[in-house]
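Reading through the C-alpha cells given below for one structure.
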Amino acid sequence: MTAVGYALGQVYGWPVERRKKFLLRMGVIACAAFVVLRAVNFYGDPNPWSVQQSAAMTLVAFLNTVKYPPSLIFLLMTLGPALLALRAFEYRTPRVLHPALVFGRVPFFYYVLHIPLIHIIAVILCYARYGHVYWMFQSPALPNYPFTAPPGWGLPLPGVYLVWGLVVLLLYPLCRWFAQLKRRRTEAWLSYL
C-alpha cells in the first residue's frame, strides 16, 4: 500500500481536471468492486458475511472485513471513499477538517507515536482497574500473545472512542510541531516521517 501511495503522489503532478477525473473514476471503481466482491462472498476476504437477525446487523456483517493484514475487500472499501474524498476536498477543504491536515502532513510520525501511547494508556487503565499491571507484561503461551488479558479486560465501544479521541488530542501538538519542522528543514530523512 505504501507503493500505491507513492504512485498516487505522481497523480498530483497532473493537470487538475485530469487528476479529478482519475480520482473519481478510481474511487467509483474501488467502491463498486467492493460491493460486487463482497456480495459474491467468495473472494477478497477470509471471513464470509452472512444474513443476520436484522438488516442492521446484516449490514454490519457485510462491512466486517479483515483489517490486519488488510484484505482486498478492506482496501477497496476504505481506499475507494478516500479517493472520492480527495477529489471532493482538493480545493474546498471544510474548515472543520483543517486540523486533520496536520496528521496528513506527518502520517508515519503519528503512526509510530500512537502505538506506544496506546500501550501506555492500556497500562494506566489496567492499573486503575486492577491495582497492578503484571498482565500487561507477560505472555506465558503463544495463544496469549502479546499479553495475558485480565478477567473482564476491554472497553465498551464508547470507551474505545474516548481513548481514540484522547490519543488524537495528545498527539496533535507533537504532530503539528513536527509538520512545522518538516516545512522549515530540508533534510531528506524528514520526508520519510
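The values are calculated or read from the model by the stated rules, or taken from the named source; none is laboratory data. From a predicted model like this one, the values you see are computed outputs, not experimental measurements. For neighbour counting, all protein chains shown are included, and Cβ atoms are generated from backbone atoms with ideal geometry for every residue, glycine included.
The residue that is farthest from residue 123 (Cα to Cα), counting only those in the stretch 139-161 that are at pLDDT 85 or above and either in contact with a Gly (Cβ under 8 Å, 6 or more places away or on another chain) or among the aliphatic types (A, V, I, L, M) (or both), is 157. Total residues in the stretch 20-55 satisfying the condition of being under 23 Å from the mean Cα position of the chain (by Cα), more than 30 Å from residue 89 (Cα to Cα) and of a type in the set (A, V, I, L, M): the figure is 0.
The residues listed here are 87, 95, 105; of these, the one that is of a type in the set (Lys, Arg) and closer than 23 Å to residue 34 by Cβ is 87. Within the stretch 41-90, no residue satisfies the criterion of being free of Cβ contacts under 8 Å to residues at least 60 places away in the same chain, acidic (Asp, Glu) and surrounded by fewer than 15 Cβ atoms within 10 Å (Cβ to Cβ). Which ones in the stretch 106-134 are over 26 Å from residue 171 (Cα atoms) and part of a helix (DSSP H, G or I)? Listed by number, the residues that qualify are 130, 134. Here the stretch 103-138 is the region considered, the condition is being surrounded by 16 or more Cβ atoms within 10 Å (Cβ to Cβ) and more than 20 Å from the chain's Cα centre (by Cα), and the residue that is farthest from residue 149 (Cα to Cα) is 125. Residues in the stretch 135-151 that are touching a residue at least 12 places away in the same chain (Cβ under 8 Å) and in a loop (DSSP other than H, G, I, E, B): 147, 148, 149, 150. When the stretch 42-67 is limited to residues that are in contact with a Phe, Trp or Tyr (Cβ under 7 Å, 6 or more places away or on another chain) and part of a helix (DSSP H, G or I), the one that is nearest to residue 32 (Cα to Cα) turns out to be 62.
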